[in-house]
Structure formats: structure tokens, C-alpha cells
């Protein structure tokens, strides 16, 4: 169990974490969600005793991190991917960590097997890809078979297979009764991973609820339709009692192209829209029901985006998707539909 | 059931002295793995050995070749006055820069690579972590440092043998040779403390080298007897006295006093480093 009470952390004039209180219960995956710069990493560093808060306390199983003996046996943490000396081998990195806890070197080989890094265990970690570094970080977190895990953006840089692997690992650990606290800035990723959500923005708590509740509250049950003949389709849908708006709000996707236009339809189910189009001979390029969690999340945190882009034409939701992870984002999106 | 068979439960939450000692042994083992598993350690130590022995041999050979040569009289007199100091002062004087670099790197690379976070997650108590690192590093430099100083001494004295006879049995010689290795060890800790305070590789190395090489020149420019007095208490100047087999006229401190001054400087910096390690965000 992790407890944060009234945590506040300021760096100069910038308040990164602002009187934040929450509890992370064992036996479930708790997602820690917020836009970039919301204070997720800082909060984790405060919990782990790396940074000192101006006020408030953070405890793990009732004790501050700095007072734990052999802490890796209680807590495993994955912070930024690169926290390995580039000329040290993966095995030696894990070995020194194990030795400080009085663990045998056989445990190092076990976790190397667990994360699939055995073949490169004696290679210099400086040559590792982001995905391999991430796996090494997870190996370090799992070293002491801890009761509590804190993972900061663990799927960053992983391929789809790796994303799935982490997701399953976290679920397994939670079902084994462990406390799993995982941060992300991607709502859709959390929707399929976390049982419980803690949402923060600008260092403040915005929402805390079960993921199911959050989804139920947030879904607007709209259907995205893409067609080369939007005028005719709009006519048909309005005649059936549906509502049509421009589909531009879809995050991370091109709204319209030369050949087709995206429409957001509410009030009609996807099969009915398909039937209408078929009966009138209107071509559809896409027909997808959406639980627009990402939108709900953006709406929730829109007042608290630290590094938001300010588009003169209005809020640009797509800006929340980091441009360097297109593959990852699409995996998360697909799985949420 | 008799009372003899009852075993008092040992609470894992109350660490005994034995547990603490075992814990510190684990930290030493971990720091040893850290220090031996990076290339900068190997390279710095190779540079220390090669440069020290190489320049000692070069100096001794050039000196022997030019003995009694034109304009060599003052130099020859200096060497005759304290041959040990001349032998140890040349090659090791250059080789010690490798110890400065390694000492600084040992702390600053923790920060530049992010390993400091892994280290502090494993060992959240900052002072034992710093102490374990200092002990392991000091032991390593002491062993290599003594090998280098004894090697330099035997090499230099063998080459100069026909001009000056010097042996470990002469007064002050063994102290100077062993002491030079000790001073290298303290220099390593001095550099490590500065690395822990500054946390950036370039800044830390520049500072250490500045204190060792540049500061004595600057304080030497001070007017009157100020320069001599300030200089005598500078860390590297005071620490260097231990390499003199014969105390020179005008020394303000004895060799061991000088070594003590160097140790005090280093201890103060290590205490400051420990204090800041506890206070600062990692």
C-alpha cells in the first residue's frame, strides 16, 4: 500500500506537486494519469525518497522509503529508462543492486530470464535500445520480488509485443496481491490496464475512481463515419433522428482527406448507420463506434495542461499524443475501441 | 513444552548490530561490483601506472645521462639533498592526475548516467552509501598507489644507483614511499568528495585539477610571507610533504602534520558531500 498525504513539491516558483493526497491499494493495478508535466514523475520520486517534499508525507506499507532496510525487497521501481552506466553490462548493473540487498547472484539470472535479456546480459548497456533498457529497468524493479511496484511510463519505447507483456505482467502481479502503481499520459492505455485510476493535472488531484466508472461516465457513445459523400449520408441520418457533427475531434487522426470526410454521429448505433448507407448506396470508408476516453480525459485535464500547444483555431486535442510514438498510440487506441 | 525449547521471535524490524555490519558488507560488495565493472576505472588505473612508472624512468634516465653535465649542478644538488622526493615527485606527480580524474568520475558518472537513482533506491540511507563507496575506492587506490610508489622508487633508485645510493633503510625513506601511496589515496577521496559536491564531470575534474595544480601558483603570488603560509596549508601542498625523506629548510609543517592537514581538508569535503547528499534531490 502506498499513501501520499498532502504532498507538495516546488522547484523554484514552479509547483510540481500541490497538496496531493491519495492511497494506492494492493491487489489491483492503479493507473496514475495526467498530461505531460502534471507531476506524475515528481510524485513517484517523492514516494521513493529521491526528492524531498516541501510538505506532506509519503509512505510505503506505512513507512517512509528512506527508512526501509533492503528496500528492493519491499519496493520495485522503474523510473526513466536510462539509469544504467553505459559501459556497465546489464548483468553487473543488476548484480550490484542484488549485492546491496544481500541477494545471491542467481536471482540476477532469474530476473534476466524473466525479462528476456539473458542473451545480452554481458553486453554493455550503452548499446541497448530503448525497449531493452526498459526491460532492464523492469528486471531491476522485479529483483527483490517486491510487494509494491511503481512503474513510470513502463510501455514507453516498447513494441506492441512488449506493451502486451508489461500489461499482462502488471495484471498478474496485482492478482497475486501486490500493489501496482503505474503512470501514463495515455488514457487508452490505462483503460485496458488499470483497475483504478488516479488522475492529476498541474500537481493536483483531478479525479479518483475505478476505471469502469470512469469509462461509463466518459463515453459519449458516438460513431465515427468516413464517407466520400457526407451530404447524402448526413441527410439520411438526420431523417432517422440521429445527430451529425464534424468528425474533426477524433484525436490523433486526420479529420478529413480529399476523398472522404469524417463525421461524428450520435443517436444511432453503428449497424443502423451501415444499413442506411447500404440502402442508399452511399460508400463508407470507416464506421467505428467510439468510447472516446481520450477526449474525456483531455476535457478533464484541459485546464491543467502544463505544456499545451495553443492553436489559434481552438484547443488541438491531437497535440497530447507524442509525435515520436505513433505505433504505440495506435496500439492503445485500437485496443480501446 | 519447556522454557528451554522456546525461541524468542526475532523482529526483522529491529536491526541488531550484526545485521548492520552485514548490511554494510553488502554495500561494500555492491560498490566493488560497480567500480570494477566500468571501463573508466580500468583506464584510469592503467594511466596511473604507465604514466607514473614511465615518467619516473624517463626522468631518472635523463638525469643519470646528464649527471655532472653543464648547468646540471643545481639540479644534481637538489637530487642529492633528497633523492626520494625527486624520484617520487616526477612520475607520480603526473600520474596522480589519473587519480583526480577517477575520483571525480566515480561520483559524477552516477549523476550523468542516472545510476544514482538506482543506487539510492537500493540504499536510501545516503551516508552509508557514500561511506561504502569511499572505503572501496580508497582501498583500491591504496593498493594500486602503493604498487606505483614502490615501483617508482625501485625503478628510479636503480637507474640513479651509480650517482646516489638510496635505500628503504635510510631514515625517512620508507615513510616517504609508503606515505606517497597514502597521499594518493587521500587525493582520490578528495577528488571523490568534490565530484559528489559538484556532480558534473567537467566541472568536478576542472576543480580538482585547479586545486592541485593552479591554486598553489596563485597563492604563491600573495605578498610577503602570506604566500608561503597559505601555500603550506593547501591540501595538495600539505599532503605532498609526506614524499620528502628529509624535511626541507623553510617547511612550516612536518611531513605527518602536512598529511594530517590534507586528511582534514578531505574529511571536511566528505562531510559536506554527505550533508548535501542527504539534503539535495537526487
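Summary of values
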item	result
Residue among A:332, A:336, A:255 that alone is over 30 Å from residue A:162 (Cβ atoms), modelled with pLDDT under 55 and either assigned by TED's automatic domain parsing to the domain that holds residue A:202 or touching a helix residue (DSSP H, G or I) at 6+ places or on another chain (Cβ under 6 Å) (or both)	A:255
Positions within the range B:228-242 being crowded, with 16+ Cβ neighbours inside 10 Å and either within 14 Å of chain A (Cβ to nearest Cβ) or in contact (Cβ under 8 Å) with a residue 24 or more places away in the chain (or both), in sequence order	B:232, B:233, B:235, B:236, B:238, B:239, B:240, B:242
The range A:77-102: number of residues that are under 21 Å from residue B:26 (Cβ atoms), facing another protein chain (nearest Cβ under 9 Å) and touching a residue at least 40 places away in the same chain (Cβ under 8 Å)	8
Members of the range B:243-279 found to be part of a loop (DSSP other than H, G, I, E, B) and either surrounded by 13 or more Cβ atoms within 10 Å (Cβ to Cβ) or touching a strand residue (DSSP E or B) at 6+ places or on another chain (Cβ under 9 Å) (or both), listed by number	B:244, B:245, B:246, B:247, B:251, B:252, B:253, B:254
Among the residues listed as B:173, B:123, B:186, the single one being more than 25 Å from residue B:79 (Cα to Cα) and more than 14 Å from chain A (Cβ to nearest Cβ)	B:186
Pairs where the first residue, in the range A:18-36, is more than 15 Å from residue A:150 (Cβ to Cβ) and the second is part of a loop (DSSP other than H, G, I, E, B), C-beta under 6 Å, 6+ apart	A:18/A:203; A:27/A:177; A:35/A:185; A:35/A:305; A:36/A:185; A:36/A:307
Candidate set: the range A:45-76, residues that are in contact with a helix residue (DSSP H, G or I) (Cβ under 6 Å, 6 or more places away or on another chain) and more than 8 Å from every other protein chain (Cβ to nearest Cβ); chosen: the one farthest from residue A:146 (Cα to Cα)	A:53
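The values are calculated or read from the model by the stated rules, or taken from the named source; none is laboratory data. None of these values were measured; they are calculated from a predicted model. Cβ atoms come from the backbone with ideal geometry, glycine included; neighbour counts cover every protein chain shown.
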